[in-house]
Number of protein chains: 2
Amino acid sequence: MDRLLEEYTELIDHKLREYFKTVLEEEKAYHPFIGDVFAQVEEFLLRKGKRIASCSTLLAYKGYTGEIKDIIDICVGIELYRHGILIHDDLVDRDEKRRGGDVFHKLFTYEDRFGESIAVFYGNILFSQALKTLFESNFDVNCVGTVIQLFLEDYKAVNESQTLDLLFEHKEPTVEEWYVMASKRAASLFKASMLTGAILGGAPAQDLQILKEAATHIGYSFDIQDDIIGTFASEEQYGRSTGGDILLGKKPLHIVYAYKLANRDLQQELRDIIKAKKVGAEGIDRLKKIIKECGALAKTKEVSKDHASRAIKLINKTAMTAESKNFFNDLIDFVTENLDWYQ
Amino acid sequence: MDRLLEEYTELIDHKLREYFKTVLEEEKAYHPFIGDVFAQVEEFLLRKGKRIASCSTLLAYKGYTGEIKDIIDICVGIELYRHGILIHDDLVDRDEKRRGGDVFHKLFTYEDRFGESIAVFYGNILFSQALKTLFESNFDVNCVGTVIQLFLEDYKAVNESQTLDLLFEHKEPTVEEWYVMASKRAASLFKASMLTGAILGGAPAQDLQILKEAATHIGYSFDIQDDIIGTFASEEQYGRSTGGDILLGKKPLHIVYAYKLANRDLQQELRDIIKAKKVGAEGIDRLKKIIKECGALAKTKEVSKDHASRAIKLINKTAMTAESKNFFNDLIDFVTENLDWYQ
């Protein structure tokens, strides 16, 4: 996977640079400041990172066609889409850092409100420009229509999921309720990315159904892993302070399970730490200890691994080429191996 | 115009109610809170008002086909689109009231951040749902594709315009720069609304070009009038406190002209009032007096009327039916007559 991911990440980054070169000229011509903002968008999108979502689109497409030529333009759209969502997400979560740099809404001068407003507008612009790349592609109008509808549905889903994520800051969701939220989160992005590649690659209807299910499991597995990293990785590993999401009141699955599995005293202690918010390194250490000792961490890892193994079984049922199947299998293995770093 | 506007507003409101009935059931089934938020969206959209944008779509369509049956579903999409933009706009401008009720981001409990975040998400959802209505319509896939692209372009334009509007809070734009911003604001919404009706109604290519120009002039005329109302209407007439936009640092055309036409002392006084922000009724009265006395109000009215008369000439060049032409002519007259209320 690593070799493929690196190779295709480079190809997609190259296309992204081409895209920005063209658009930047247009934006500058409209108004210099609009050009400046778009240059910030470019810097934000081209920060170093693995392009897992758009590479999933690419490999799903290649898995049915053996080719990659026409899909790379669509991968640009996938990255625009994903980063538009991230810009709004970081704004709402009051994050500070993203992929080794400032979050988008902190990249501007004047007061906070200025950058925050620009983040609202440019999250919007990235969504509209993502859909535009589909119309400008070489694919036929019916396929493009199907994919656009997929993205409209996905965008609604992601925004609803984020609304519930926000609601959960003010309540203690059950495991079932957590799934209602998460079913429309990462699960949703993987579905949109993989199905885009498969639909445009002409995958048979039955494979679209299997991939939809597989993508959902990959999404859960990733999401759960990502949340565990957020709480348990050290600041050097993670690039931003750990436990921050929880102290904001977020309810990742390992917290949901901790409330379920811990005894009443530990539950109360957990609640007190989360409510206190500014608890320092000591508080976060205590929080981690409770999550581990009540068995919530182990249970959550087990759930993530279960989703991963279901995803692998489903991927292997499809008619994709061995190369694409291997890519997705390795991607999923990578997630589950990652989990074992956090004891 | 009034009779048509009333008749079609009622028809569109009826369709909107049907739309919300269906969607609300789905949303409630997903999660009760998501159902609650959507009920707020419904209340927000169905507040009493004239549906000028969607009626423009309807009348443009009827002007080429003589029918209205299929276009009403699209009018629902236009209203979803417009209100999604309003939700983000009110959020960014920190407005308090909209059409006789609280702005959308003030409709929720918990802290301010909760409602503000939901406003980001539901502005997004309304945009995606607006585009979805086009796919669910009876129009053919190529026409739908053309209209979707129009909306993607328009959405980008509106968001760029709002970015410049925000930038202008921190500088003093020239008349030319004001036009760069305004060319993508109301002008843009009118273009999208009218062209949608005309494209779906099968208008000849040459009419599309004329309507595009006409819509731009209507947009300017409306925008300028709207800003004048914002500064000069009394609180009873306007439904919210007057002059607020200016004290936020906004630069409507009458302020841009005031900086251009006033003598140096008055310019400085204007600058001081705007900088001081909380100046009370006395400060706002002084502000109005300066705008009038330096000739900026008269000049701005003249410009709005000039755009209006150009729009009328263009509308009359099209092949639309007399009924539709009359509708647009009356709409434009209404704007210019409105201007004379403010002395």
Would you call A:Ile87 crowded, with 17+ Cβ neighbours inside 10 Å, among the β-branched types (Val, Ile, Thr) and more than 21 Å from B:Glu116 (Cβ to Cβ)?
no
Return yes when B:Glu67 is touching a strand residue (DSSP E or B) at 6+ places or on another chain (Cβ under 9 Å) and surrounded by fewer than 16 Cβ atoms within 10 Å (Cβ to Cβ) and no when it is not.
no
What are the residues in the stretch B:284-305 that are small (Gly, Ala, Ser) and buried (at least 17 other Cβ atoms within 10 Å of the Cβ), if any?
B:Ala296, B:Ser304
Any chance the stretch A:252-271 includes a residue that's among the acidic types (Asp, Glu), assigned to a helix (DSSP H, G or I) and over 30 Å from A:Ala198 (Cα atoms)?
yes
Residue that is nearest to A:Ile199 (Cα to Cα) [pool: residues in the stretch A:119-148 that are facing chain B (nearest Cβ under 7 Å) and surrounded by fewer than 16 Cβ atoms within 10 Å (Cβ to Cβ)]:
A:Asn142
Could you please find all residues in the stretch A:101-118 being free of Cβ contacts under 8 Å to residues at least 60 places away in the same chain, facing another protein chain (nearest Cβ under 9 Å) and of a type in the set (A, V, I, L, M, F, W, C)?
A:Phe114
Filtered residue count, the stretch B:165-192, keeping only those that are surrounded by fewer than 22 Cβ atoms within 10 Å (Cβ to Cβ), more than 9 Å from chain A (Cβ to nearest Cβ), part of a helix (DSSP H, G or I) and of a type outside the set (Asp, Glu):
4
Count of residues meeting criterion [more than 7 Å from chain A (Cβ to nearest Cβ) and touching a helix residue (DSSP H, G or I) at 6+ places or on another chain (Cβ under 6 Å)] in the stretch B:152-164
4
Please determine, by comparing only the residues of the stretch A:319-328 that are surrounded by 15 or more Cβ atoms within 10 Å (Cβ to Cβ) and either acidic (Asp, Glu) or more than 19 Å from A:Phe222 (Cβ to Cβ) (or both), which one is farthest from the chain's Cα centre (by Cα).
A:Thr321
Check whether at least one residue in the stretch A:39-52 is of a type outside the set (A, V, I, L, M), touching a Ser or Thr at 6+ places or on another chain (Cβ under 9 Å) and modelled with pLDDT of 95 or more, and report yes or no.
no
Neighbours by Cβ (under 9 Å, 6+ apart or cross-chain): first from the stretch A:134-159, free of Cβ contacts under 8 Å to residues at least 24 places away in the same chain; second hydrophobic (A, V, I, L, M, F, W, C) and surrounded by fewer than 16 Cβ atoms within 10 Å (Cβ to Cβ)
A:Phe135/A:Val141; A:Val141/B:Val141; A:Asn142/B:Val141; A:Gly145/B:Val141
Name the residue, out of B:Glu10, B:Glu18, B:Glu42, that is within 22 Å of the chain's Cα centre (by Cα), surrounded by fewer than 15 Cβ atoms within 10 Å (Cβ to Cβ), charged (D, E, K, R) and away from chain A (no Cβ under 14 Å).
B:Glu10
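The values are calculated or read from the model by the stated rules, or taken from the named source; none is laboratory data. Being a predicted model, the structure only gives us computed values, none of them experimental. Methodologically, a virtual Cβ is constructed for each residue, glycine included, from the backbone with ideal geometry; neighbour enumeration extends over all protein chains shown.
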